[in-house]
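So the structure is just underneath, and the comments pick up after that.
Every read-out reported here was derived from the displayed coordinates using simple, explicitly stated rules and does not represent laboratory data. Quick caveat, the model's predicted, so the values are computed rather than measured. All Cβ positions, even for glycine, are placed from backbone atoms using ideal geometry, and neighbour counts span all protein chains on display.
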Amino acid sequence: WVREAGQGALARQKQAAYNVKADQSPVTEADLWVDGYLRERLGAAFPQIRLLTEESGLGKAAGESCFALDPIDGTRSYMNGMPIWGVSLGLLADGLTRLGFFYMPAVDEFYLSNGEQAWLNGQSFAARIGDPRAPAAFLAVPSNAHLRYDFSARMVRSMGAVAAHFTYLARGAALGVLADGVYLWDLAGVLPLAAACGITIEYLDGEEFHPSTYLDGSPIRRPLLAAYPQHLAAVRGMIQPKVSR
């Protein structure tokens, strides 16, 4: 279903109209189509599991388990005709993310993980730890991060989709991920991938991060940092919040 939804969004990319939501973020017709497509199927197949989505909020099912869906992670990239965007879906139960799906149809990359193992396009995925000395290594950050942070990393990049940043960290291309201004649905599809790869995710100040805190759809108001444990302290040292004046 996630793959079918992604392919449907890809087919609509060139002509998808958009509106601007109350928070000034854009939403396209394709976001709404994917949201409806997956809500219908997940609701019919798993009526006991709540569904939290970016476009529809939190459903009313009574169960403690929850699907968290971002119909298109990277909507602005999608609108610009760029390839780094995807459909992100995660299943949370007992306070943990148990299953994660992230599909980028424009580059045909489908990530699946249960928190212990991970697969890319059906093949076992082997985590890679980036080399800080590598000439192409980078720190993945939000597109507006320059307004709130100073960086000492040699290369800083924003690829347009939070979930994609985590896949590049898992693949060893990114040294770390700074996620700021996000919601649970932005992360749920790749949190099991991070767990399977041994990646640490915590608040930028070092406090432990608990995804279940945000099952109600509330914003994650504190910045998050993700990196392999051996690089975490060094990556944190590359990020300095700007002082407000």
Relative contact order for the chain using alpha-carbon pairs under 8 Å, separation at least 6, rounded to a whole percent?
-> 17
Normalised contact order of segment 89-206, rounded percent, pairs of Cα under 8 Å and 6 or more residues apart | 32
Assuming 0.890 mPa s and 25 °C, estimate D for segment 31-94 with Stokes-Einstein, Rh taken as the Kirkwood radius over Cα pairs, in µm²/s.
-> 201
Here, residue 56 and residue 144, labelled 7 Å along Cα→Cβ, have an inter-label distance in nm of 2.8
Starting from the Cα coordinates of segment 141-244, work out the convex hull volume and express it per residue in Å³.
-> 100
Treating each Cα of segment 1-70 as an identical point scatterer and ignoring solvent, apply the Debye formula and state log10 I(q)/I(0) at q = 0.19, 0.25, 0.28 Å⁻¹.
-> -0.78, -1.10, -1.23
Computed D for segment 5-122, Stokes-Einstein, Kirkwood radius over alpha-carbon pairs, 4 °C, 1.567 mPa s, to the nearest µm² per second, is 88
Normalising by the residue count of segment 39-93, find the relative contact order in percent from Cα pairs under 8 Å and 6+ residues apart.
-> 28
Packing-based order for 65-74, 41-50, using average beta carbon neighbours within 10 Å, highest first = 65-74, 41-50
With everything on Cα atoms, drop me the angle between helix 29-45 and the longest principal axis of the chain, reported from 0 to 90° to the nearest 10.
-> 70
Which entry in [x] 19.8, 65; [y] 17.5, 58; [z] 17.1, 52 matches Rg and Dmax of the Cα atoms in Å derived from the coordinates of this structure?
-> [z]
Which values, in whole Å and largest first, are the semi-axes of the equivalent ellipsoid of segment 75-138 obtained as the square root of 5 times each eigenvalue of the Cα gyration tensor?
-> 22, 20, 12
